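The values are calculated or read from the model by the stated rules, or taken from the named source; none is laboratory data. Keep in mind it's a predicted model, so treat the numbers as computed, not measured. When we count neighbours, we look across all protein chains shown, and the Cβ atoms used for this are built from the backbone with ideal geometry, even at glycine. In case anyone asks, the SASA skips ligands and DNA or RNA and just uses the protein heavy atoms, side chains included. Shrake-Rupley method; radii C 1.70, N 1.55, O 1.52, S 1.80 Å.
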Amino acid sequence: PCAGPVESKNEAAMSELVPEPRQKPAVPMKPMGINANLLGYIGIDTIIEQMRKKTMKTGFDFNIMVVGQSGLGKSTLVNTLFKSQVSRKSSGWNREEKIPKTVEIKAIGHVIEEGGVKMKLTVIDTPGFGDQINNENCWEPIEKYINEQYEKFLKEEVNIARKKRIPDTRVHCCLYFISPTGHSLRPLDLEFMKHLSKVVNIIPVIAKADTMTLEEKTEFKQRVRKELEVNGIEFYPQKEFDEDLEDKTENDKIRQDSMPFAVVGSDKEYQVNGKRVLGRKTPWGIIEVENLTHCEFALLRDFVIRTHLQDLKEVTHNIHYETYRAKRLNDNGGLPPMTAETEESHESNL
Amino acid sequence: FTQLCFSCQFSDSAGYVGFANLPNQVHRKSVKKGFEFTLMVVGESGLGKSTLINSLFLTDLYPERYIPGAAEKIERTVQIEASTVEIEERGVKLRLTVVDTPGYGDAINSQDCFKTIIQYIDNQFERYLHDESGLNRRHIIDNRVHCCFYFISPFGHGLKPLDVEFMKALHGKVNIVPVIAKADTLTLKERERLKRRVLDEISEHGIRIYQLPDADSDEDEEFKEQTRASIPFAVIGSNQLIEVKGKKIRGRLYPWGVVEVENPEHNDFLKLRTMLVTHMQDLQEVTQDLHYENFRSERLKRTGK
């Protein structure tokens, strides 16, 4: 293994060559002027603006996966989330098409821009999940796909000549669609979330929530929350990753009150009180998607996109990916750096 | 990939998704985390390096300075001294480390004096590479040198042989910003002449100093050009406050007048400071993407298999 001998040689070399730099203890800043304001401003805070500019220039990747049985409105919901046709709705399996024998993974990418910020959005659909008669282990292709993206990233990271910006295809967020039965979770739901919550951020959502009354919704949510807790399923935002008290307070509220979000999706607009709104028209009224008294879509949207988008990416990178990486390093006794020539010889190791 | 572009209003109108808010989310996390920056200063004794650093960051990084006499300096080799100061401004926290190199250029025979410096820089790269390749990467500290101010003496006719050798040896390892020290010993004309000499010699020897990136569309193109045209910056530093026209300013009091540190007509101090703080992000990026990656690929090629 490469890591071993190299390390010890270097540590010895390091101590010989340069005497350890004398580290003076950190001093808090004492402005020298009497009136600090007059002489006070350096301009350190402009670094925030520099970073903002950089984010805007380079744009960012976001990869969202949707998992759930056919017909739960996954594509419609994603289209509603991003206000564009980023996912192709299927109209069910007709006689000519066959239900895929195994779960398929379909990733479609779009570049969308808003307020000067460019996002390369990839929606990963999983048709066939839960649609068979025998659904045993149907989460395996999904877990495999997720790990393959970690592997891809890792390979690029250990390369000798590596790209400045490693393309990020890792799944940042997995929306899991729960059927609104009103009773409880299904065994498949539990199995999936148990396995996958360890490798990816799972956000459970109750689909087609307009089939439940307010009371039924509240009861169902409570029951689902209880079941998730009893089965030790840590969905996003995971308790153990709350960074500070501020995060914990904010996330506790979301975990204990709002989640799982009971959502309704729609890409059709109707006129309500003089405004154009997205909704579903029924004889007994129009269900407004973005109306918080009708469903929790707006909460989901704000949560995923407006407040926790960056955090979803960071937890994926700093926690899930690092867990995968550590496991790989331990399994192989250290990953050697790769060049094009060594690729073949190391293929078998990986 | 398909390209869908929106011209979007910033309100909660139909069509607004909300990911334009991402920079704010990133910003919030960065403010919480704070920033780290390491600046190295290199130059002969007595060129005003410490005074300049104190002036730049409005602090007193060297409170009890002991200045050794010549006899003591004979035996001394180059030292590396790192001081860290925590600066907070408008909620943004910066952990600034200034790496000083006392002894540089002091010895009668200065042949090896920059080897220690090169080794220090390499060691920080080495440490980072080691941490980056390790198992637990959650709290990697970045002690790599992001920028090096190289002080050129105003007393000569341009670069000295040591200056040239140093810069040639280090331009592939760190962002070099050449600075003409104690600029108040020169008239404006002499300053221009010296600047031109220095730039000519830099280009003659193929030395790659830090290049300012091109101005973005919304940045002041003219200001950027002016800044670029002023390199190398001719600066003055001072630890003293002098009263001028009722205001207390940093300066140097001579019988013939007062030299004001922050007066752009007297010297390039403000330009240097502005350049540094508005390019901290870029300096770090170039260190990471260019100097560190070069080091890393060299190291891995050497020990790869």
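Interface between chains A and B: roughly 8300 Å² of accessible area buried, both sides summed (probe 1.4 Å, protein heavy atoms only). Of all stretches in chain B that contain no GluC sites (Glu not before Pro) in a DSSP loop with at most 11 other Cβ atoms within 10 Å, the longest one is B:65-264.
A simple spin-label model places pseudo-atoms 7 Å from Cα toward Cβ; at residue B:111 and residue A:326 they are separated by 5.0 nm. Surface exposure of the stretch A:132-211, expressed per residue as accessible area with a 1.4 Å probe, stands at 43 Å².
Charge tally around residue A:273: other residues with Cβ under 14 Å, Lys/Arg +1 each, Asp/Glu -1 each, net -1. Annotation note: chymotrypsin sites (Phe, Trp or Tyr not before Pro) in the stretch B:126-210 located in DSSP loop regions with a Cβ neighbour count of at most 14 within 10 Å are B:155.
Remark: the stretch B:33-302 carries a charge dipole of roughly 460 debye about the Cα centre, counting +1 on each Lys and Arg Cβ and -1 on each Asp and Glu Cβ. For the residues B:94, B:52, B:253, a GNM of chain B with alpha-carbon springs under 10 Å puts the largest fluctuation on B:253. Dipole orientation for the stretch B:33-302: of the candidates B:210, B:107, B:183, B:107 has the Cα lying most toward the positive pole (charges on Cβ; Lys, Arg +1; Asp, Glu -1). Sparse packing (at most 15 other Cβ atoms within 10 Å of the Cβ) combined with a DSSP loop state is found for the following trypsin sites (Lys or Arg not before Pro) in the stretch A:233-284: A:268.
For the stretch B:33-302, the residue among B:37, B:275, B:227 whose Cα projects farthest onto the positive side of the dipole built from Cβ charges is B:37. The spacing between the stretch B:261-285 and the stretch A:215-232, judged by their C-alpha centroids, is 58 Å. Qualifying trypsin sites (Lys or Arg not before Pro) in the stretch B:235-282, where qualification requires a DSSP coil assignment and no more than 10 other C-beta atoms within 10 Å, comprise B:245.
Shape of the stretch B:33-302 from its Cα gyration tensor (a ≥ b ≥ c, root eigenvalues): rounded if a/c is under 1.5, otherwise prolate when a/b > b/c, or oblate? Because its axes are fairly even, with a/c under 1.5, the stretch B:33-302 counts as rounded. Here chain B carries DSSP beta bridges of which approximately 50% are antiparallel, counting only pairs with both residues inside.
Accessible area per residue of chain B at 1.4 Å probe, in Å²? List each step's numbers first, then the result.
Working: 14870 Å² over 305 residues.
Spelled out: the 1.4 Å probe surface of chain B, per residue, equals 49 Å².
Overall, the accessible surface of the stretch B:207-305 at a probe of 1.4 angstrom is composed of carbon and sulfur to the extent of 49 percent. Going from the chain on its own to the full set of protein chains, the stretch A:290-314 has these residues losing 30 Å² or more of accessible surface (heavy atoms, 1.4 Å probe, no ligands, DNA or RNA): A:305, A:306, A:310. By accessible area, using a 1.4 Å probe on protein heavy atoms only, the stretch A:194-252 has 52% of its surface on carbon and sulfur.
Straight-distance candidates among the aspartates and glutamates for linking to residue A:239, with alpha-carbon spacing under 13 Å and chain neighbours fewer than 8 residues away dropped: A:229, A:247, A:250, A:252. Just how far, in whole angstrom, is the stretch B:147-189 from the stretch A:100-179 if you go by their alpha carbon centroids? So the two Cα centres are separated by 52 Å. Cross-link partners for residue A:152 among the aspartates and glutamates, with Cα-Cα distance under 14 Å and sequence neighbours closer than 8 places in the same chain left out: A:168, A:322, A:343, A:347. Given a Förster distance of 22 Å, report the FRET efficiency between residue A:257 and residue A:195 from their Cβ-Cβ distance, rounded to the nearest 0.05. Approximately 0.25, to the nearest 0.05. Would you mind checking A:54/A:221; A:120/A:208; A:198/A:281 for any pair whose Cα atoms are more than 30 angstrom apart? The pairs that break the limit, which is 30 Å between Cα atoms, are A:54/A:221; A:198/A:281.
Using a/c under 1.5 as the rounded threshold, could you call the stretch B:192-262 rounded, prolate or oblate? The axes a ≥ b ≥ c are square roots of the C-alpha gyration tensor eigenvalues, and prolate needs a/b larger than b/c, oblate otherwise. Please report the intermediate quantities before stating the final value.
Values: a/c = 3.29, a/b = 1.63, b/c = 2.02.
Since a/c reaches 1.5 but b/c is at least a/b, the shape of the stretch B:192-262 is classed as oblate.
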